[in-house]
Amino acid sequence: MKKTGSGRKKEFANPYTVTKAVTKGNIITKLSMLVMGLGNIAHKQIGKGIAFLAVEAAYIWFMVTSGIYNLKMLPSLGWREQEKVWNEKKSIYEYVAGDQSLLLLLYGIATIFVTLAFIMVWRGAVKSSYEAEVLAKEGRHLNTFKEDIKSLFNQNLYRLLLAAPIGGVLVFTILPLIFMICMAFTNYSKLDEHLVLFDWVGLENFAKILNFGDSIGRQFYSVLGWTLTWAVLATALNYIFGMILGIVINRKETKGKAFWRFCFVLSIAVPQFVSLLIMRSMLQTTGIVNTLLLKYGLIDQALPFFSNATWARATVIIINLWVGIPYTLLQVTGILQNIPGELYEAAKIDGANAIQTFFKITLPYMLFVMTPYLITQFTGNVNNFNVIFLLSGGNPTGVGDTAGKTDLLVTWLYKLTIDKNYYNLGAVIGIMTFVVLAIVALLTYRNTASYKDEEGFM
Amino acid sequence: MSKANDTAVTGAKVRKTITNVIVHVILAILAFIWVLPIFWVVITSFRGEKGSYVTTFFPQTYTINNYVKLFKDTTILNFPRMFMNTFVIAIFTCIISTIFVLSVSYCMSRMRFKMRRPFMNIAMVLGLFPGFMSMVAVYYILKALNMSEGSMIPIALVVVFSAGTGLGFYVAKGFFDTIPKSLDEAAIIDGATRWKIFTNVTIPLSKPIIVYTILTSFMSPWIDFLFAKVICRADAKYYTVSIGLWKMLEKEYIDNWYTSFAAGAVLVSIPIAILFLMTQKFYVEGMSGAVKG
């Protein structure tokens, strides 16, 4: 791994590094470490220089007005409770707002984010100043602001295209995630009334969840086992049946391809939670399926679709097939049609039969293109909130348990946070889900062909 | 000699016909299973008997009152408004996330830069966390940005539904990877910029995947109800359809609203189904019209 890493560094090597700027830069470059953009302005890159300067001013303003306070409060997460204070002048009690640990934690993390982003811009500014200096000294061309903008549409297109998506991910995925991860190390929970003010507690929550003796720990291992079973079965069955269906529909001899595809794909058109709620109401003890079966004397008593653990587990897996196969079908259809026709023609000339072409051409091609899809499906199934929550609600649930027999880690996480307000335990479960997935995904993903050799199938 | 050949040919033909018949019968049975629940919703939406408990598959009386109720009885659950809310949110989400997904996938597939591999690894790692784990945090971030109250709620929902979509680039990237690189190279020789290649070469060749992206992103606001529930809280004015329908199945409403729930489900499915009918064409054509490797 290290080898490819250094190879990448060499491939994208930039001769203008921060270290070089510090050691070899002239006085203006060194000053632009304090006053960002100075070097650019000095070399007539006014637009760029002013942009750097503006970023610096904004950051300093932010830190002075709130950033420094946020960082200061992070280690303690606040201690002042809300108080009632007698106001002599108005003769009333006034509430003095106390600290809210949750907000302090969030703002603290956000400040760290802003600071990291600032450091990156700062590095960019220093490098840019040094580059301007060197280029000017060598008498080479310095990009004007207009040319910089133009390059965003050509060799630097990725910066333009990625800016917004990455920004969105940073603020609405990574920031909240780190926030929740931090929560796992606190006592933010309804237990002992720590919903307003809470503290760091280290690994206490992890110890509780991983402990076999504890009731929470015992449930954790049982939920974990079922989550893995569910994910493997759901992913594999969906893929296999979906692919078979796709190939069957795509056969030359199959009539009305569009019609068949439409029938299956129609179920995607219905919002998933609607079809799941419908299924649930159909499969209830008094639902239409049981009612009809009883009416025609096919069964003596209602089938326990969601009240018996084994039945419930089988039911959710089968219904998930109904939900998932059309998606696989959609995927498979596009890819099947994308397989280069020459491959099949060549195989035909070489005298290969249908089964050989399937195993030698279709399947390797599908796996090549679809391994990332399969991995996302697997993780999607481990985190498949909708199907479990809307169908069985995790039931049946044992007495005194917080997790039911069909609960996945993620639905248990929901119950722990939303229903019980054990935010810290919920966060630990979230991290555990991640750990499980990370192990599985890294092992498989690293070994797939499409990750190692992205350049093409052939 | 030629006669034996003939029988062999007809034998193979018969066998082929039999396989074909079997295949079509199996397809028909499966299609029936897949369509059945949808059919059930449709007939339930026209059912005259109230409540969720029934003893016959087909309704005993038919009525369109369930639909009328949805549009007339707007004091408690204002379905038309929910519908419009979701529709507007879905359109904006769809535009933003399609742009995001295509941009990211194109960069990951076609451009080479320092942060590419790290970004792909980070994206993969992020995909491993339960999406909803961060929900509580997202709510507080929106609150800090003053986006959690009143008329900002729809904007907040658009942001929530589309902000993270850049991470879902795998499928589109896999597709872009199959478009021959020689096309790009030819365009570069002709003096095209990267932007030109993206808009004039890659995008026109990628109809199926674009349609797929549009579809999935358009549907996310209709499907999701958890995020919508957390962000709207009790502000019924900004409810999306999914929360509305979910409410109809709550204990206090189910007896009165069950059949209207079915009606609502039918109405919600219609815009998505229409979109589907329009886009079906692209799936059938697939890549067969595009460049062959």
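The table for this structure:
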{"item": "Dipole axis of the range B:72-285 (+1 Lys, Arg; -1 Asp, Glu on Cβ), positive-most option in B:95, B:272, B:231", "result": "B:95"}
{"item": "Cα gyration tensor shape of the range B:161-200, rounded if a/c is under 1.5, else prolate or oblate by comparing a/b with b/c", "result": "oblate"}
{"item": "Stretchable slack from residue A:300 to residue A:244, in nm (0.36 nm times residue separation minus alpha-carbon distance)", "result": "16.5 nm"}
{"item": "Chain B: DSSP helices with Cα axial extent of at least 20 Å and average Kyte-Doolittle hydropathy no lower than -1.0", "result": "B:2-45, B:79-110, B:207-223, B:251-285"}
{"item": "Which of A:63, A:45, A:91, positive extreme of dipole for the range A:14-151 (C-beta unit charges)", "result": "A:45"}
{"item": "Percent RCO, i.e. relative contact order, over chain A, from Cα pairs under 8 Å lying at least 6 residues apart", "result": "15"}
{"item": "Residues with amide H under 5 Å from that of residue A:201, placed H, sequence gap 5 or more", "result": "A:186, A:187"}
{"item": "Pair residue A:44, residue A:68: separation of 7 Å Cα→Cβ label points (nm)", "result": "4.1"}
{"item": "The range B:86-116-the range A:391-447 distance, computed between alpha-carbon centres (Å)", "result": "30"}
{"item": "Choice from B:133, B:152, B:120 showing the highest fluctuation, given a GNM over chain B with Cα pairs closer than 10 Å", "result": "B:133"}
{"item": "Rounded Å value of the spacing that divides the Cα centres of the range A:244-265 and the range A:67-89", "result": "65"}
{"item": "Nearest-20 debye value, the range B:72-285 charge dipole, Cβ charges on Lys, Arg, Asp, Glu", "result": "560"}
{"item": "Extension gain from residue B:235 to residue B:254, taking 0.36 nm per residue of separation minus the Cα-Cα distance", "result": "4.8 nm"}
{"item": "The range A:204-452 - charge dipole about Cα centre, Lys and Arg +1 at Cβ, Asp and Glu -1, debye rounded to 20", "result": "340"}
{"item": "FRET efficiency estimate (nearest 0.05) - Cβ-Cβ, residue B:91 to residue B:36, R0 25 angstrom", "result": "0.20"}
{"item": "Global geometry of chain B, whether rounded, prolate or oblate, following the gyration tensor of its Cα atoms and the 1.5 cut on a/c", "result": "oblate"}
{"item": "Estimated inter-spin distance, residue A:112 and residue A:259, nm [label 7 Å along Cα→Cβ]", "result": "6.1"}
{"item": "Span-rule helices in chain A, defined as complete DSSP H runs reaching 20 Å or more along the axis (Cα) with Kyte mean at least 0.0", "result": "A:46-62, A:101-137, A:215-250, A:309-338, A:363-382, A:423-446"}
{"item": "Shape category assigned to the protein assembly as shown from the gyration tensor of Cα positions, a/c cut at 1.5", "result": "oblate"}
{"item": "For peptides A:62-68, A:29-35, A:329-335, B:59-65, sequence by mean Cβ density within 10 Å, most packed first", "result": "A:329-335, A:29-35, A:62-68, B:59-65"}
{"item": "Selection of trypsin sites (Lys or Arg not before Pro), the range A:251-286, meeting DSSP coil and at most 16 other Cβ within 10 Å", "result": "A:251, A:252, A:255"}
{"item": "Distance from the range B:130-204 to the range A:137-158 (C-alpha centre basis), Å", "result": "25"}
{"item": "Ranked A:277, B:36, criterion: other C-beta atoms within 10 Å, fewest first", "result": "B:36, A:277"}
{"item": "Residue order, fewest to most beta carbons within 10 Å, for B:261, A:206, B:227", "result": "A:206, B:227, B:261"}
{"item": "Spacing of the two label points (7 Å from each Cα toward its C-beta) at residue A:210 and residue A:251, in nm", "result": "5.3"}
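Only the coordinates and a few stated rules stand behind these numbers; no lab work does. Nothing here was measured: the structure is a model prediction, and the numbers come from that model. Positions of Cβ are backbone-derived with ideal geometry, glycine not excepted, and every protein chain shown enters the neighbour counts.
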